[in-house]
Amino acid sequence: MMKNKKISIGLITFFMIFQGLLFFSIQNVKGNGIIPPQYSEELDLNGEYIYNILDFGEASNWINFSDNSEGQWSTNIGDKIRINITGFYNRDPNDVIGDIFSDTDMPWFNIEIFKDTNLNFTLFNVSNSELARNLKIGFSGFQSGFLIPNNQTEWIRANATLEANGASDLTADLAMEETFNFLYFRFDQYGETHNQKTELIYDKKSGLLVKANTTLGDFKLALSLTNYTLDIETEYKYNVNTFEPLGWAIWTDLWGNYKDIYATGSERGWVLVNFTGFYHRDPLLWDPDPFKYADGRPWLDIKVVYQGDVRTDITMQMNNISDSECANNLLISFPGFLSGFLLPIVNNETYDIKAEVIAASLFTVDREFTYEETDLTIDMCFRCGGSFPQETRLIYEKITGLLLYVDTTGQNYHLEMIIENYELDQNVVDIPSEIPSFSLIVIVSVVLATTLIIIKINKKKMRL
């Protein structure tokens with residue numbers, strides 16, 4: 001009987017270890033002001049992160065993990081929430097509900113909530129879990145809050161799926177999307193009268209919350225990170241899928257004057273982009289100008305690379321040239337709409353991209369233009385005939401305006417390329433709450449297998 005008991009305990013222990021390896025593989029490092037390896041080294045432990053309030057409902061009671069009230073808090077549209085990271089420590093000992101994130105190295109924060117520009121509510125050194133639950137920045141056991149690990153993307157997506165499918169009782173329809181810079185989650189609670197609806201956008205590089213929009217009953221909160229900008233220190237690498245015809249192409253300025261030649265290859269080349277800053281429009285740029293309202297135009301350094309059989313060559317390198325010039329030479333544009341590698345004023349809600357494209361291409365023949373948006377992207381396709389036929393598809397990131405994908409054809413020219421670490425066909429995933437994820441199936445299978453083995457051993461022992 002003791003032997004049988006030991007075997008049963010061993011199998012149960014195996015399952016617990018298996019589950020731990022599957023979902024809690026984040027390394028454990030003590031806090032003490034040190035950023036653990038699963039979080040971004042670019043986080044500013046001495047800095048302050050400020051969020052604009054975009055929408056707010058009614059005042060709410062802040063409940064800590066001892067079930068005590070910390071007081072009422074409220075804010076207004078146009079006010080701020082300020083947070084700063086105080087360190088990475090163990091989970092609050094009274095946080096018995098827990099969540100899918102690690103019990104150690106959880107980020108802790110100071111938080112200040114303003115109303116009518118005055119400080120309305122303050123808490124010092126509270127866990128990300130407590131912030132998430134009180135501000136409804138998460139769903140069920142997926143209490144992601146203001147900061148998530150920046151190198152655990154697949155793990156986080158898998159657990160968002162599990163929580164939407166009822167791993168912690170509540171269920172929701174879940175939509176997920178991933179671009180070069182962002183992770184997006186939308187939970188729509190299933191089958192409840194006052195169901196929770198929560199949208200979350202995180203920066204993949206830092207793990208910081210960029211935007212949130214959440215409602216539950218009378219509770220409503222929408223906010224966005226104010227000091228978030230595109231990282232212009234990063235080199236953006238575009239993988240060339242197609243470059244035709246074979247050979248060299250000519251690079252000119254915006255008046256058609258020769259500047260250089262370049263070459264790359266289908267599945268054997270890259271285009272490397274480093275933004276140098278935002279300045280005045282290119283002095284050679286013609287009118288009409290669809291981006292005349294932009295505060296500044298992107299300028300950049302560019303390299304065109306070809307991977308040969310013997311060596312890899314930079315076939316062209318230019319420094320501090322306008323994005324408009326790049327758009328014109330690589331045909332990352334529509335007629336008169338030179339959007340290039342970075343779409344200007346993409347966050348301006350009054351800017352009508354479709355109207356600007358149609359206006360700029362007024363004199364083209366047989367125009368066809370389609371425009372679609374996901375939660376994170378703008379997807380545009382343009383086709384025209386005549387003496388200068390063109391067919392072009394461009395996908396941009398909405399928050400940053402960064403080019404993600406281009407497939408463009410014009411006369412004897414075809415370029416298709418995609419930014420590294422972006423998947424064109426898998427960027428949007430809708431997961432109904434009724435369908436279990438693969439990870440959930442794995443866990444259930446292991447539980448059932450373990451249970452059957454234990455029952456079989458017990459029956460065999462009883463027969464003996």
Please give, to one decimal in nm, the separation of the simple spin-label points placed at LEU45 and GLU267, each 7 Å out from Cα toward the Cβ.
4.7 nm
Segment 214-273 and segment 279-294: distance between their alpha carbon centers, rounded to Å
19 Å
What FRET efficiency comes out for the pair SER69/ASN94, r = Cβ-Cβ distance, R0 = 22 Å, nearest 0.05?
0.95
So how far apart, in nm, are the two label points at ASP425 and ARG393 if each is 7 Å from Cα heading toward Cβ?
1.1 nm
So if I place +1 on the C-beta of Lys and Arg and -1 on the C-beta of Asp and Glu, and nothing else carries charge, what would the dipole magnitude of segment 317-435 be about its Cα centre? I want it in debye, nearest 20.
540 debye
Short version: what are the Cα gyration tensor semi-axes of segment 125-195, square root of 5 times each eigenvalue, largest first, in whole Å?
19, 17, 11
For segment 73-206, dividing by residue count, accessible area per residue (probe 1.4 Å) in Å² works out to 35 Å²
Would you please state the base-10 log of I(q)/I(0) at q = 0.13, 0.14, 0.21, 0.22 1/Å for segment 251-317, with intensities from the Debye formula using one equal scatterer on every alpha carbon?
-0.51, -0.58, -0.97, -1.01
May I ask you to compute the full-extension gain from TYR293 to ASN76, defined as 0.36 nm times their residue separation minus their alpha-carbon distance, rounded to one decimal in nm?
75.2 nm
Where segment 280-329 is the region considered: accessible area per residue in Å², 1.4 Å probe:
53 Å²
So, in nm, how far is label THR117 from label TRP248 when the simple model puts each one 7 Å beyond its Cα toward the Cβ?
6.2 nm
Length gain on complete extension for the stretch ILE232 to GLN307, per 0.36 nm per residue less the alpha carbon to alpha carbon distance?
24.4 nm
Is any residue of segment 360-386 close enough, with backbone N under 18 Å, to a label point placed 7 angstrom from the Cα of LYS354 along the Cα-Cβ axis, and if so, which?
360-362, 367-384
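So, R0 is 30 Å and r is the distance between the beta-carbons of LEU362 and ASN241; what FRET efficiency does that work out to, to 0.05?
Given R0 = 30 Å and the Cβ-Cβ separation, E is 0.40.
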Using the Kirkwood formula on the Cα atoms of segment 265-421, what hydrodynamic radius do you get, in angstrom to one decimal?
16.3 Å
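The values are calculated or read from the model by the stated rules, or taken from the named source; none is laboratory data. Keep in mind that what you see is a predicted model, and the values were worked out from it rather than measured. All Cβ positions, glycine included, derive from the backbone under ideal geometry; neighbour counts span all protein chains shown. Note: areas computed on protein heavy atoms with side chains; ligands, DNA, RNA excluded. Shrake-Rupley method; radii C 1.70, N 1.55, O 1.52, S 1.80 Å.
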